[in-house]
Amino acid sequence: MKKDFLWGSASAAYQIEGAANIDGKGPSIWDQFSHIPGNTYKNTTGDVTIDFYHRYQEDIALMREMGLQAYRFSISWPRILPTGSGRVNQEGIDFYHAVIDELIKNGIEPIVTIYHWDLPLELQQSYNGFGNRKIIEDFTNYCKILFTEYGEKVNYWITLNEQNVFMEAGYLDATFPPQENDYQLYFNANHYATVANAQVIDLYRKMKLPGKIGPSFAYKAVYAKSCDPADVLAMENAQELTNWLWLDPYITGKYNQITLKTIEKMGINLDITTQDIEILTKGKCDFIGINYYRTQTIKSADKTKEAVEVSKRTVNSNIKNFATDKLYLKAKNQYLPTTEWNWAIDPVGFRIMLRRLTSRYDIPIMITENGLGAVDVLNEEKKIHDDYRINYLSQHITELEQAVEEGCNIIGYCSWSFQDLFSWLNGYTKRYGFVYVDRDVDDNSKLLRYKKDSFYWYQQVIKNNGIKNFNNDNE
Ligand code: BG6
């Protein structure tokens, strides 16, 4: 990898900070959602999580010991602005200064995510959050505060984390807050978020700050189930509605015509103004952040029942002629193993995705997440032998190295995650970290940190600037 390549790891505020109700922080939509019984695994909440808020120095010391070069974390909007706009919470501002300073002091590049899903509850309750275009102004004002405070210290900004995921889960599947299930609302809310993303990128440039800025996208490269043209066409439909709908405006500054027409034919009235179109053109990203976990396989709608079974989404929208199920269906890929959570494990798909991105857009790419969620066991000697995670990461990094040799411009790689953390709907059953945190649903656990085998393995990867050299050295 190039000299300035960053080997890092990532996290998000709601998943690690805890301290949900102290030092002036306001409630977020996730604080409310996770407290409603039945919404999360065994009703786990982010009230305490792994208590990074009080233990960040201990965690950063572990990062330094590992040799981590970059740490991606997110800022909690309601810790900075308890009601989303208006009064600023100085204790929140100070906390992130302290975290950023501690990272820099330890030689670790901070990569700051501005929004990782914890919207201030007030904005949801007063005007429906992303469902209203007012969000664009409030998000911009929030970003202005962050750029003013931290702009000189932070070289990499991630605007929105996985807009495609928080929109789909929040506005179609109703599994995340605000638990909506409405295609018309989904497309408009998504569009407002896309405009908000572009507007803050434009603002960042106008403020003449030294760093780079871009969103993180959950990219699932799509495969056709067969070479039947009907399946291939279905795959193309899926590309429009699961990839290009975001990547095109982020990178090229406009939606493509096929995406727009597909949405229109679904009976959706997209609330897009001339001013929006101008904002999109001005807010192209410097790099694209990619979160990669899996690929998806697609077949055409009039095929077999099997496809219908894996396309589980229930839809009660008041738009009746929308269903994407008529455009494409999800299918199983018989060539790929899966994780315990049934996610396809596909390292070659990682490379395919990077090549597709490069050939379509030719843009610098930062891998902002990649990792394996698994059940880890702390044994009697207080060790965690997570060879399955080492295998997973090692295969993915190997493909990443190939992609670089094949012409992709990758500027960094952040695994998900450094420490074990709260996995949204899965509590602590599903772990991703290099550092095991001794806790379960019980908020009174001791929260002790233990280094897993993968901790020492990644330490070597960083030291050797990749897997290729590492393997050669060990031969
Ligand atoms: C990404 C998110 O979607 O995937 C992370 O950005 C999340 O916040 C990660 O934790 C893994 O998902 P999950 O549901 O397994 O925790």
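The values are calculated or read from the model by the stated rules, or taken from the named source; none is laboratory data. Quantities reported herein were computed from a predicted structural model and do not represent experimental measurements. So basically every Cβ, Gly included, is an ideal-geometry build from the backbone, and we count neighbours across all protein chains shown.
The table below lists the values:
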| quantity | calculated |
| --- | --- |
| Matching entry among ILE352, ILE367 (being aliphatic (A, V, I, L, M), in a helix (DSSP H, G or I) and either within 16 Å of the ligand (Cβ to nearest atom) or within 29 Å of ARG431 (Cα to Cα) (or both)) | ILE352 |
| Filter pass, ARG72 being buried (at least 20 other Cβ atoms within 10 Å of the Cβ) and touching a residue at least 60 places away in the same chain (Cβ under 8 Å) | yes |
| Residue match in the stretch 165-176 (condition: aromatic (Phe, Trp, Tyr) and more than 25 Å from TYR292 (Cα to Cα)) | no |
| Some residue of the stretch 259-272 being in a loop (DSSP other than H, G, I, E, B), without any contact (Cβ under 8 Å) to a residue 24 or more places away in the chain and either farther than 21 Å from TYR183 by Cβ or touching a helix residue (DSSP H, G or I) at 6+ places or on another chain (Cβ under 6 Å) (or both) | no |
| Search result, residues across the stretch 332-355 that are closer than 22 Å to CYS414 by Cα and aromatic (Phe, Trp, Tyr) | TRP341, TRP343, PHE350 |
| Subset tally (residues that are of a type in the set (A, V, I, L, M) and within 16 Å of the ligand (Cβ to nearest atom)) for the stretch 144-172 | 6 |
| Those helices (runs of 4 or more DSSP H) lying entirely in the stretch 21-125 with at least 3 residues within 16 Å of the ligand (Cβ to nearest atom) and over 30 Å from GLY412 (Cα atoms) | 29-34 |
| Residue ID - farthest from GLU152 (Cα to Cα), chosen from residues in the stretch 196-247 that are among the small types (Gly, Ala, Ser) and within 16 Å of the ligand (Cβ to nearest atom) | ALA221 |
| Yes/no for GLN459 being under 23 Å from TYR156 (Cα atoms), surrounded by fewer than 21 Cβ atoms within 10 Å (Cβ to Cβ) and either modelled with pLDDT of 95 or more or within 15 Å of the ligand (Cβ to nearest atom) (or both) | yes |
| Exclusive hit being buried (at least 18 other Cβ atoms within 10 Å of the Cβ), at positive phi and part of a loop (DSSP other than H, G, I, E, B), set GLY433, GLY407, GLY427 | GLY427 |
| Filter result (surrounded by fewer than 21 Cβ atoms within 10 Å (Cβ to Cβ), in contact (Cβ under 8 Å) with a residue 60 or more places away in the chain and over 26 Å from VAL88 (Cβ atoms)) within the stretch 3-37 | ASP4, PHE5 |
| Any hit, the stretch 83-95, residues being within 16 Å of ILE29 (Cβ to Cβ) and surrounded by fewer than 22 Cβ atoms within 10 Å (Cβ to Cβ) | yes |
| Total residues in the stretch 436-460, condition of a type in the set (S, T, N, Q) and either without any contact (Cβ under 8 Å) to a residue 12 or more places away in the chain or at positive phi (or both) | 3 |
| Those residues of the stretch 277-304 which are aromatic (Phe, Trp, Tyr) and in a loop (DSSP other than H, G, I, E, B), in sequence order | PHE287, TYR293 |
| The stretch 425-451 - residue that is in contact with a Phe, Trp or Tyr (Cβ under 8 Å, 6 or more places away or on another chain) and under 19 Å from HIS396 (Cα atoms) and, of those, farthest from the ligand (Cβ to nearest atom) | PHE434 |
| Sole exception among (1) aromatic (Phe, Trp, Tyr); (2) within 13 Å of the ligand (Cβ to nearest atom); (3) within 14 Å of LYS452 (Cβ to Cβ) for PHE422, by number | (3) |
| Single residue of the stretch 370-396 satisfying the filter (away from the ligand (no atom under 16 Å from the Cβ) and in a helix (DSSP H, G or I)) that is farthest from the chain's Cα centre (by Cα) | ASP387 |
| Any hit, the stretch 362-370, residues being at pLDDT 95 or above, closer than 29 Å to LEU448 by Cβ and touching a His at 6+ places or on another chain (Cβ under 9 Å) | yes |
| Every residue from the stretch 407-434 that is modelled with pLDDT of 95 or more and among the β-branched types (Val, Ile, Thr) | ILE410, ILE411 |
| Count - residues of the stretch 144-158 that are more than 23 Å from the chain's Cα centre (by Cα) and not in a helix (DSSP H, G or I) | 1 |
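Residues are listed down the side, and each one gets a yes or a no for (1) at pLDDT 95 or above; (2) more than 20 Å from the chain's Cα centre (by Cα); (3) buried (at least 17 other Cβ atoms within 10 Å of the Cβ):
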{"site": "GLY214", "(1), (2), (3)": "yes, no, yes"}
{"site": "CYS227", "(1), (2), (3)": "yes, yes, no"}
{"site": "LEU245", "(1), (2), (3)": "yes, no, yes"}
{"site": "ASN256", "(1), (2), (3)": "yes, yes, no"}
{"site": "GLU278", "(1), (2), (3)": "yes, yes, no"}
{"site": "TYR293", "(1), (2), (3)": "yes, no, yes"}
{"site": "ALA307", "(1), (2), (3)": "no, yes, yes"}
